[in-house]
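**Student:** Handing you this structure, nothing more for now.
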Amino acid sequence: MKFILRRLVFYLIALWAAVTIDFFLPRLLPGDPAAVIIGTKGTAAMTGEQVASLRAALGLSDAPLGQQYLTFLAHLFRGDLGISFSHFPAPVTQVIATGFRWTLLLGVVSLLFSVIIGHLIGIYGAWRRGGVFDRVMPPLFNFIGAFPAFFLALITLFVLGMTLKWFPIAHSYDTLLKPGFYWAYFASIAMHLFMPALVAILVNLQVWIQNMRNSMIGVLAEDYITMAEAKGLTQNNIMYGYAARNAILPSVTGFGIFLGAILGGQVLIEQVFSYPGLGFLLIHAVGQRDYPLMQGLFLGITAGVLLLNFLVDILYTRIDPRVRAG
Amino acid sequence: MTTETVFTPAEAPAPKQKSLDFKKRFATLYVLLRHPSARLGFIIVGFLILISVFAPVIAKYKPTEFLDSGNLKPGSQYWLGTDPMGRDEFALTVWGGRVSLLVGFGMAAVAIVVATIVGMIAGYYRGWVDDILSLIINLFLVIPSMPLLILLSAYLQPSNSTVILTLAFTSWAFHARIIRAQTMSLREKDYVAAAVVAGENNMSIIFRQILPNLINIIVGGFIGLTIYGIAASTALAFLGLTAMDQISWGTNLFWAQNGNSLLMGAYWVFVPSGFLVALSALGLALINFGMDEITNPRLRAERQLRKILKGTKFQRVRITPVVRRTDPSSDNPS
């Protein structure tokens, strides 16, 4: 319980740090962000009134910084992240909500598959260390993982989407279909999900393979494995029931650290496949100079990662009794 | 990359008295060059650096010249075809290495210096200094770096130095944590106690006693960060968030994407730059891999054991070996 509480406090501090970055970044930079936006949009000169309304939309005012900060926090507590420029007049929270489910879907599916497949390869590779499987699979996925995620995505898009035309090349479902509970709609979602998920799985596999393989190798050197062998237990029983079961602990610890990186990679994958998740929205917002949406998305993504980390911590106390006691 | 850090400069080949000093000084490098995967890594990275440096000699066209119509197929005139704006893709590819490698190495240098200083101070002083620094390190670890990177790039004026600084800003924490852990264990060693007794001050202990023993972690971290830096700067450029008047592997991919090269089936505009990014990552990873094996006696022993067992009926060993072969006739990888 104490462990959980400590982590909770830490994640709250992290969330506060993200909020503070969000608040200070536009204000610390030289010049007026409103002027920057107008400067880059820069086609027609804006009237004083328009500049004033832009400043208001950005939450900028001449009030002292401390007061602005408090207003910012107060708005945040009410769930008010401002109005998106590029999706005007939709509030930022609403835009984030549309992207959230797609990012969640893609994230959960790719994470689930890469974790399961990666761990199985890691377990089996360590078990038959130096064997054919071990000499081919981990290096192969290491090599694949060396490519930048978005480059793999481009290649996949080109080969599977454009040349072979097996999968649709953009969006998360066929826009001609009406969202609802029927088969064709779900099939369309699955077809659209396939390529981004495939790339995300391929890119992340090596992390789990390496984690699990290393930790398996450590566990296999333990005396209780030798003991299990001496008792004449079946190989499968030793491999999964004795070795993998203990080796999985450090791997779960690594989970939290890599979540942020994995979500980061997903941003670019979503962009390449025009998959309308948070990452796609973020890059779109940057391109449109939609500052309120950009900041809201950064906050939303960070909050999501922190929440996932917290869930991993709770899971950790479930599977490792030592943490619960300590 | 490893936490096992008994660094033995191995047997420097005992040659003539004169060159001994020189060879001793670069013993690590010698050992590294004799390791097969590290050598391959050095060859790959060296090749990439060479083509970047000699880009003006290698490429017959300037990468900034608009020569012909866009997305032309590779041929005898344009070896890798042309990009959507009619520039020579081969020239773009070799020239692109300059900015990409520079940003990668530069960012890694900045990040590893910050990581080393923060990590060593946190690990050495412990107490409240460590509490605060660890909190900062953990905050940077838990806040997702790619979205932060995109946010920072959107606000800052794009240039090579801002890309280097933002990348370093979002990536130093992981290595700071490793260095902190290692410093904590080194601090307990007898020679540190001896230095304290001898009256050396803290800074001198940190930099003269502890730092030299962290060298392999630091170099490993530097290489790992370079891999990240090249890939991440390429990704940023691909999104159009770096200085677009520069030529890098990432901007090449950006213009390819912008010119719909893929839609037109012009894969040759995409493949070279992406391939070189992956190749540089592979080369650097191989160097790191070789270094790991040299500095980690366990991995080294494992390799030797595999050699001994080759051809015998005991081929599958599950334990991590601790034996070391002392037979001088064997080609010792260390």
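The values are calculated or read from the model by the stated rules, or taken from the named source; none is laboratory data. Note that the structure is a prediction, hence the values are computed from the model and not measured. Methodologically, a virtual Cβ is constructed for each residue, glycine included, from the backbone with ideal geometry; neighbour enumeration extends over all protein chains shown. Accessible surface is based on the protein model in full, side chains and every heavy atom, while ligands, DNA and RNA are left aside. Shrake-Rupley method; radii C 1.70, N 1.55, O 1.52, S 1.80 Å.
Yes/no matrix, rows are residues, columns are (1) closer than 26 Å to A:Val312 by Cα; (2) within 14 Å of chain B (Cβ to nearest Cβ); (3) in contact with a helix residue (DSSP H, G or I) (Cβ under 8 Å, 6 or more places away or on another chain); (4) free of Cβ contacts under 8 Å to residues at least 12 places away in the same chain:
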residue	(1), (2), (3), (4)
A:Phe181	no, no, no, yes
A:His192	no, no, no, no
A:Ile209	yes, no, yes, no
A:Arg213	yes, yes, yes, no
A:Asn236	no, no, no, yes
A:Gly241	yes, no, no, yes
A:Gly264	yes, yes, yes, yes
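**Student:** Moving on. Within the bounds of the range B:192-202, is there any residue that is over 21 Å from B:Ser134 (Cβ atoms), in contact with a helix residue (DSSP H, G or I) (Cβ under 9 Å, 6 or more places away or on another chain) and within 14 Å of chain A (Cβ to nearest Cβ)?
**Tutor:** No, the conditions are met nowhere in the range B:192-202.
**Student:** Another one. Among the residues of the range A:192-213, is there at least one that is of a type in the set (Phe, Trp, Tyr) and exposed (fewer than 15 other Cβ atoms within 10 Å of the Cβ)? Outline the logic, then answer.
**Tutor:** Start the filter on the range A:192-213 by keeping residues that are of a type in the set (Phe, Trp, Tyr), which leaves A:194, A:208.
Still in the list and also exposed (fewer than 15 other Cβ atoms within 10 Å of the Cβ): none.
The answer is no; no qualifying residue exists.
**Student:** OK, next. Could you grab me the full set of residues in the range B:153-174 that are open to solvent by 20 Å² or more (accessible area, probe 1.4 Å) and assigned to a helix (DSSP H, G or I)?
**Tutor:** B:Tyr155, B:Asn160, B:Ser161, B:Thr162, B:Ile164, B:Leu165, B:Phe169, B:Phe174
**Student:** Let me ask you something else. Take A:Leu293 and tell me if it is hydrophobic (A, V, I, L, M, F, W, C), under 16 Å from A:Ala90 (Cα atoms), open to solvent by less than 10 Å² (accessible area, probe 1.4 Å) and at the interface with chain B (Cβ under 10 Å from one of its Cβ atoms).
**Tutor:** No, not satisfied.
**Student:** Quick check on my filter: what residues within the range A:275-326 are among the small types (Gly, Ala, Ser), free of Cβ contacts under 8 Å to residues at least 12 places away in the same chain and farther than 17 Å from B:Leu152 by Cα?
**Tutor:** Hit for the range A:275-326 is A:Ala325, nothing else.
**Student:** Considering every residue within the range A:95-105, establish whether at least one is at pLDDT below 85 and out of contact with any strand residue (DSSP E or B) (no Cβ under 9 Å at 6 or more places or on another chain).
**Tutor:** Within the range A:95-105, the subset at pLDDT below 85 is none.
The answer is no; no qualifying residue exists.
**Student:** B:Lys60 passes all but one of (1) surrounded by fewer than 17 Cβ atoms within 10 Å (Cβ to Cβ); (2) in contact (Cβ under 8 Å) with a residue 60 or more places away in the chain; (3) basic (Lys, Arg); which number fails?
**Tutor:** Evaluating B:Lys60 over (1) surrounded by fewer than 17 Cβ atoms within 10 Å (Cβ to Cβ); (2) in contact (Cβ under 8 Å) with a residue 60 or more places away in the chain; (3) basic (Lys, Arg) leaves (2) as the failure.
**Student:** Enumerate the pairs (first residue in the range B:215-230 and within 14 Å of another protein chain (Cβ to nearest Cβ); second residue anywhere and among the hydroxyl-bearing types (Ser, Thr, Tyr) and outside any helix (DSSP H, G or I)) with beta-carbon separation below 7 Å, excluding pairs fewer than 6 apart on the same chain, so at least 6 apart or on different chains.
**Tutor:** Pairs that qualify, where the first residue is within 14 Å of another protein chain (Cβ to nearest Cβ) and the partner is among the hydroxyl-bearing types (Ser, Thr, Tyr) and outside any helix (DSSP H, G or I), are B:Leu225/B:Ser171; B:Tyr228/B:Ser171.
**Student:** Quickly run through the range B:249-298 and pick out the residues that are more than 24 Å from the chain's Cα centre (by Cα), more than 9 Å from every other protein chain (Cβ to nearest Cβ) and either basic (Lys, Arg) or not in a helix (DSSP H, G or I) (or both).
**Tutor:** Result: B:Gly259, B:Asn260, B:Ser261, B:Met264, B:Ala266.
**Student:** Now a separate question. Tally time: how many residues in the range B:185-221 are open to solvent by less than 60 Å² (accessible area, probe 1.4 Å) and not in a loop (DSSP other than H, G, I, E, B)?
**Tutor:** Going through the range B:185-221 one residue at a time, the tally reaches 19.
**Student:** Also, I was wondering about something else. Can you tell which of B:Leu135, B:Leu101, B:Leu141 is under 21 Å from the mean Cα position of the chain (by Cα), within 14 Å of another protein chain (Cβ to nearest Cβ) and open to solvent by 10 Å² or more (accessible area, probe 1.4 Å)?
**Tutor:** Going through B:Leu135, B:Leu101, B:Leu141 in turn, the sole match is B:Leu141.
**Student:** Next question. Are there any pairs with C-beta distances below 6 angstrom linking a residue in the range A:127-144 that is within 12 Å of another protein chain (Cβ to nearest Cβ) to a residue that is of a type in the set (Asp, Glu), with the two at least 6 apart or on different chains, and if so which?
**Tutor:** Going by the 6 Å Cβ cut-off, the qualifying pairs are A:Arg128/A:Asp134.
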